[in-house]
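For reference, the structure is listed below as structure tokens.
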Amino acid sequence: DGGITQSPKYLFRKEGQNVTLSCEQNLNHDAMYWYRQDPGQGLRLIYYSQIVNDFQKGDIAEGYSVSREKKESFPLTVTSAQKNPTAFYLCASSQQGMETQYFGPGTRLLVL
Amino acid sequence: QKEVEQDPGPLSVPEGAIVSLNCTYSNSAFQYFMWYRQYSRKGPELLMYTYSSGNKEDGRFTAQVDKSSKYISLFIRDSQPSDSATYLCALLGFQKLVFGTGTRLLVSP
């Protein structure tokens with residue numbers, strides 16, 4: 001059963017804390033993406049990776065970091081430098097190009 | 001001015017109606033046009049993508065692109081309550097992908 005999994009479904013962050021969101025795919029896709037979704041705004045690209053051990057900043061990378069050590073995994077760390085982290089975070093992957101992205105179920109991050 | 005404009009809705013229709021969802025854009029560099037469906041608290045699901053102007057049909061869904069007017073549409077025939085969701089347009093050009101804010105659709109039985 002191929003797809004993208006994200007965990008946890010809900011995540012709570014305390015002030016000054018770094019938290020890591022997990023994203024795993026078994027679709028054998030080369031490219032993976034992280035988006036942030038806020039009410040009333042379109043999805044905004046945080047980081048993307050087109051190949052293992054390589055990634056690029058998206059439109060809103062400040063306060064976030066990623067790694068791509070394995071093809072199937074692309075974890076996102078929300079650092080304490082991100083002052084407004086409350087949002088719905090979506091991971092996606094694609095094989096052919098950015099036009100055919102498949103999304104995971106999302107992680108909702110809340111600040112305590 | 002936003003690069004992509006999409007009416008947030010909600011758009012309420014009775015079951016069986018034909019639904020028209022639209023996006024307008026300002027950048028003529030966009031070449032690929034996608035429609036995603038997103039149920040509440042879920043990830044978006046790719047419905048259709050098109051490259052050229054004209055129509056593309058897939059079951060009850062038809063995507064229409066008018067590059068001269070910078071206007072794209074998604075038509076849903078014989079709408080069902082299960083179609084109730086938020087529909088996002090997405091436009092891609094020169095490695096730049098921009099999403100609309102989404103239109104919320106409510107189909108009542």
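Calculate the spin-label point distance for A:Arg44 paired with B:Ser26, positioning each point 7 Å from the Cα along the beta-carbon direction, and give it in nanometres.
Each label point is offset 7 Å from its Cα along the Cβ direction, giving 1.7 nm.
Taking 0.36 nm per intervening residue step and subtracting the Cα-Cα distance, what contour gain separates B:Asp66 from B:Leu106 on full extension? Show your work: numbers first, answer last.
On the way: separation 40, 0.36 × 40 = 14.40 nm, distance 2.59 nm.
Result for the pair: 11.8 nm of gain on full extension.
With a Förster radius of 22 Å, plug the Cβ-Cβ distance of B:Ser40 and B:Phe94 into 1/(1 + (r/R0)^6) and report the FRET value to the nearest 0.05. Kindly include the intermediate steps, with their values, before the conclusion.
Details: r = 33 Å, r/R0 = 1.50.
Computed FRET efficiency for B:Ser40 and B:Phe94 comes out at 0.10.
How far, in nm, would the chain grow between A:Thr86 and A:Ile60 when pulled straight, counting 0.36 nm per residue and subtracting the alpha carbon separation? Provide the component values of the computation, followed by the final result.
Numbers: separation 26, 0.36 × 26 = 9.36 nm, distance 1.40 nm.
That pair, A:Thr86 and A:Ile60, stretches by 8.0 nm at full extension.
Run through the DSSP bridge list for chain B and note the antiparallel percent, rounded to the nearest 5.
Working: 38 of 42 bridges.
Antiparallel bridges make up about 90 percent of those DSSP assigns within chain B.
Scan segment B:33-84 for chymotrypsin sites (Phe, Trp or Tyr not before Pro) in coil per DSSP, keeping those whose Cβ has at most 15 other Cβ atoms within 10 Å, and list them by number.
Answer in residue order: B:Tyr39, B:Tyr51.
Toward the positive end of the charge dipole of chain A, about the Cα centre and with charges on Cβ (Lys, Arg +1; Asp, Glu -1), which of A:Gln6, A:Thr77, A:Phe55 goes farthest?
The residue sitting most towards the positive pole is A:Thr77.
Could you list the trypsin sites (Lys or Arg not before Pro) in segment B:1-96 that lie in coil according to DSSP, counting only those with at most 13 other Cβ atoms within 10 Å of their Cβ?
Within segment B:1-96, the qualifying trypsin sites (Lys or Arg not before Pro) (loop, at most 13 other Cβ atoms within 10 Å) are B:Lys2, B:Arg41, B:Arg77.
Which lysines, on any chain, are close to B:Lys42 with Cα under 18 Å apart, when same-chain ones fewer than 8 places away are left out?
B:Lys42 reaches A:Lys9.
If you stretched the chain out fully between A:Gln96 and A:Glu72, how much longer would it get, using 0.36 nm times the residue separation minus the C-alpha to C-alpha distance?
7.1 nm
Is there a quick way to get the dipole size of chain A? I mean about its Cα centre, with the Cβ of Lys and Arg at +1 and of Asp and Glu at -1; what is the value in debye to the nearest 20? The partial results should precede the final answer.
Numbers: 11 positive and 11 negative charges, 79 e Å.
About 380 debye.
Read-outs: derived from the displayed coordinates by stated rules, not from any lab. Since the structure is predicted, the reported quantities are computational estimates derived from the model, not experimental observations. Positions of Cβ are backbone-derived with ideal geometry, glycine not excepted, and every protein chain shown enters the neighbour counts.
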